[in-house]
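Single-structure report; data block below.
The values are calculated or read from the model by the stated rules, or taken from the named source; none is laboratory data. Computed from a predicted structure; not experimentally measured. Here the Cβ positions follow ideal geometry from the backbone for every residue, glycine too, while neighbour counts run over all protein chains shown. Note: areas computed on protein heavy atoms with side chains; ligands, DNA, RNA excluded. Shrake-Rupley method; radii C 1.70, N 1.55, O 1.52, S 1.80 Å.
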Amino acid sequence: MTISADHTAPDTTSPQEAPDTALNEAVKKFGITVEDYMLPARHQIQMVDPDGRLKPEGEQGTQPGHEYPVPGDKELLEAYERLVVGRRVNDQNSALVRQGRMAVYPSSHGQEACQVAAALCLSDGDWMFPTYRDAVAVMTRGVDPVQVMTIFRGDWHGGYDPLEYKVGIQCTPLTTQLLHAVGVAHAAKLRGEDTVVLAMCGDGATSEGDFHEALNFAAVFHLPVIFFVQNNKYAISVPLAHQSVAPSLAHKAVGYGMAGERVDGNDVVALLAVLDRAVKLAREGSGPLLVEANTYRMQAHTNADDDTRYRESAEVAEWRAKDPVNRMRTYLTDRGLLDDDGEARIREHAEAVAAQLREGLSEDVPVDPQELFRHVFERQTPQLKEQSAMLADELARDAAATDSKEAGK
Amino acid sequence: MSPTITTSSEANGNVSAATARAAASAAASAEAAGPQPVTMAKALNTALADAMSVDSSVLVFGEDVGLLGGVFRITDGLTATFGEQRCFDTPLAESGIVGMAVGMAINGMRPVIEMQFDAFAYPAFEQIVSHVAKMHNRTKGMVKLPMVIRIPYGGGIGGVEHHCDSSESYYAHTAGLKVYTPATVADGYRMLREAIDSDDPVVFMEPKKMYWTKDSVDLGELRRLHGSRAEGTTAGLGSGGRASVARPGTDATLIAYGPSVPTALAAAEAAALEGRSLEVIDVRTIVPFDDETVSASVRKTGRAVVIAEAHGFASVSSEIVARVQERCFHYLAAPIRRVTGFDVPYPAPKLEKYYLPGVDRILDAVDDLQWEN
């Protein structure tokens with residue numbers, strides 16, 4: 001199978017401006033056809049199996065142009081530490097919701113490998129656009145864990161400075177942030193910066209219109225955006241089969257003229273290998289890429305969801321056996337990169353982060369009612385000033401009433 | 001005015017400073033002759049070009065805005081002058097245009113995007129409501145979103161379905177959006193410059209039936225007076241969020257905005273022949289709304305009619321009535337009347353004359369203001 005000659009032939013009138021030049025460069029590098037470059041490898045890329053054993057190269061799912069080297073030891077050790085911290089954070093946050101310390105927490109328990117790899121593949125100058133389920137990725141990127149949780153604690157819709165960390169505010173509307181990623185990449189490109197932008201979404205989000213618009217815009221404008229789809233198999237209760245009948249979500253890339261790859265989303269080694277290369281290609285100007293990670297949401301959508309209504313416990317158990325944290329521990333231990341002391345040190349670090357979250361989220365942070373009016377526009381409109389004065393008056397009267405009640409006691 | 005181009009632009013070759021200066025000075029010399037008949041389209045086009053000249057972070061994009069210069073030619077010549085990186089066509093996807101603009105604004109640009117026609121913006125509604133309006137708020141002001149969404153709107157051009165909606169109420173109802181709508185050629189220039197200078201997102205509603213309206217305007221003088229945000233010399237010659245008295249009068253106030261302003265002025269002209277002196281207020285910025293100017297006029301005249309093309313139900317016109325009533329109740333000699341489009345989907349071209357508020361309908365409403373008292 002090859003793409004028709006008409007499609008790939010350079011425009012003879014202006015070959016320098018042929019829109020697929022960057023793509024052709026990438027193809028040349030790997031010595032394969034454009035179609036073989038754009039289509040995902042026939043099997044998902046998996047480097048370490050669920051038992052924690054490195055697979056022989058021939059069984060990693062690779063094929064020409066889709067071969068990936070095992071990332072360096074240092075990166076793998078860091079990834080493992082982040083995995084352990086991420087798991088601890090997920091479980092701590094779920095506990096805090098049960099204790100009434102937070103309104104809600106969409107846990108990424110089971111998806112920590114995706115979270116960690118998404119953050120670790122980027123350089124400091126790169127941007128990330130996360131969804132509401134990507135708190136661990138945001139923390140791994142360096143944002144203070146308590147700040148990340150502000151949105152779920154319920155005192156503001158965002159808690160960190162997106163510009164400081166180069167991390168978009170965790171996005172609740174599905175897929176809309178992919179277009180923001182495209183815009184950030186486009187602005188950077190116009191200024192001649194080599195920023196790469198990684199935009200995250202789930203399987204359900206690939207059905208939304210903005211998913212298609214974002215992929216198309218990124219491809220048409222040749223932007224260094226990596227669309228990272230965490231296929232966790234359910235959009236709340238709706239299974240993947242009702243979401244898409246494409247051979248894989250990674251196959252959607254080819255329709256927009258970009259490369260797609262699918263990878264075992266519980267294998268952090270494979271994730272890092274694939275994402276690292278995607279970042280490198282994007283930075284070199286090969287245009288956008290789509291990476292689909294096959295993973296599984298081990299817990300309910302949120303605490304408000306009852307996942308026993310739509311999936312069998314056997315299915316959950318099957319995925320528990322593919323756990324990303326255990327798998328990586330076995331792999332690193334077998335390779336002699338991790339011993340009991342190392343494990344203990346990492347656990348200690350994870351406990352420290354959990355303690356930081358417990359402490360930070362147990363504080364009763366006072367909210368300032370006047371802040372309601374402070375961040376609507378650069379300057380308050382006359383209408384907002386009026387409303388602000390009205391609230392101030394109400395609060396003053398409440399305070400006075402409380403005072404007189406106290407005095408009367 | 002000596003436009004400056006930031007060094008980052010020069011370094012990237014987006015547009016050479018010399019090119020922009022040449023364009024600006026050519027335009028300036030063409031307008032050196034003092035007041036001349038100028039169309040709204042020309043004023044808007046000049047405002048875009050001037051904003052792009054003084055600030056290399058100002059970008060224009062949308063559907064057909066490049067080579068074609070926009071279906072209404074508002075972006076005419078911008079690609080030729082500033083290059084394809086500063087004014088460019090996008091794939092046909094409105095949500096994509098708005099969403100990409102959000103990202104560009106986050107990352108240091110000042111996008112000015114075109115929605116081509118009012119109803120074409122609806123696919124982008126989620127981006128506008130969930131992100132454009134809220135980004136500043138969600139981030140406690142850490143992220144500013146200096147972007148302008150230009151929307152040609154309103155009827156009276158014989159357009160087919162989806163080409164004549166008055167969608168201002170949707171945006172005005174959304175907290176976090178400024179909503180501007182100019183009704184004169186000079187305001188077209190000034191308010192668009194002000195919108196581009198604003199660090200808040202602005203939905204800029206352009207009355208499309210007024211694109212070819214000509215006023216006698218000294219565009220050169222306007223350009224010189226405006227200065228620029230980039231140079232720190234913005235003279236504040238835009239609306240500044242204030243309504244204007246489009247025609248002074250004493251007997252009743254007609255409150256209008258955008259495409260209804262000329263209709264209100266025509267009604268006032270006709271009423272004058274019958275001996276009634278009507279004051280016409282041009283709202284100019286729906287958000288922020290200038291209660292002061294509007295209320296002052298109604299307190300003076302004691303009577304008011306609000307005029308808008310949009311459906312009256314749950315609309316900007318209802319809001320204006322409510323606000324005036326709250327502020328001017330004891331000054332009113334009669335209930336406030338509204339003359340608006342009917343609560344029906346915007347009609348087909350052969351029916352729009354029955355839908356649109358016209359002079360007679362306004363005069364009938366004025367006649368109903370309990371003059372016998």
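For this structure, a couple of remarks:
- Modelled FRET efficiency - R0 56 Å, A:VAL365 with B:LEU273, Cβ distances, 0.05 increments: 0.25
- At least 20 Å² accessible surface lost relative to isolated chain, residues of the range A:162-183 (1.4 Å probe): A:PRO162, A:LEU163, A:ILE169, A:PRO173, A:THR176, A:LEU179, A:HIS180, A:GLY183
- Residues of the range A:348-375 buried by at least 30 Å² on assembly (accessible area, 1.4 Å probe, chain alone as reference): A:HIS375
- Principal-axis tilt of helix B:260-273 within chain B, Cα atoms, nearest 10 degrees: 40
- Shielded by partner chains, the range B:141-155 residues - at least 40 Å² of accessible area, 1.4 Å probe, vs chain alone: B:MET142
- Solvent-accessible surface of the range A:40-100, taken per residue with a 1.4 Å probe and all protein chains present: 48 Å².
- Summarising the overall dimensions of chain B from its C-alpha atoms, the Rg and Dmax are 20.6, 71 angstrom.
- The distance linking the range A:383-409 with the range A:160-180 is 37 Å (Cα centroid to Cα centroid, whole angstrom).
- With contributions of -39500 (n - 2.57) from each DSSP H run of at least four residues, the per-residue ellipticity at 222 nm computed over the protein assembly as shown stands at -12500 deg cm²/dmol.
- Shown here is the pair-distance distribution of the range B:80-156: with all Cα-Cα distances grouped in 5 Å bins from zero up to the longest one, the shares run 3, 15, 24, 24, 17, 10, 5, 1, 0 percent.
- Taking Cα atoms only, the orientation of helix A:209-220 departs from the longest principal axis of chain A by about 50 degrees.
- Angle between chain A longest axis and helix A:268-283 axis [Cα atoms, degrees, rounded to 10]: 80
- Dimensions in Å of the range A:118-159 - Rg and Dmax from alpha carbons: 10.5, 31
- Charge tally around B:PRO182: other residues with Cβ under 14 Å, Lys/Arg +1 each, Asp/Glu -1 each, net +3.
- Share of Cα-Cα pairs in chain A lying beyond 34 Å, as whole percent: 35
- Cα centroid of the range A:295-316 to Cα centroid of the range A:220-282, whole Å: 22
- Looking at the range A:304-345, the accessible area is 63 square angstrom per residue; that uses a 1.4 Å probe and ignores ligands, DNA and RNA.
- Here the accessible area of the range A:21-362 is 50 percent carbon and sulfur, with a 1.4 angstrom probe and all protein chains present.
- Cβ-based net charge around A:ALA41, under 10 Å, with every Lys or Arg adding one and every Asp or Glu removing one: -1
- Protection proxy ranking, peptides A:386-397, A:348-359, A:27-38, average beta carbon neighbours within 10 Å, highest first: A:27-38, A:348-359, A:386-397
- Where labels lie 7 Å past Cα in the beta-carbon direction, separation of A:ALA22 and A:SER404 in nm: 6.9
- Whole-Å semi-axes of the ellipsoid equivalent to the protein assembly as shown (Cα gyration tensor, √5λ, descending): 52, 33, 23
- Heavy atoms of chains B and A lose about 3700 Å² of accessible surface on contact, summed over both sides with a 1.4 Å probe.
- Local charge for B:TYR153 was computed over the other residues whose Cβ lies under 11 Å away, with Lys and Arg +1 and Asp and Glu -1, and equals -2.
- Between A:GLU315 and A:ALA241, the modelled labels are 0.8 nm apart [label points 7 Å from Cα along Cα→Cβ].
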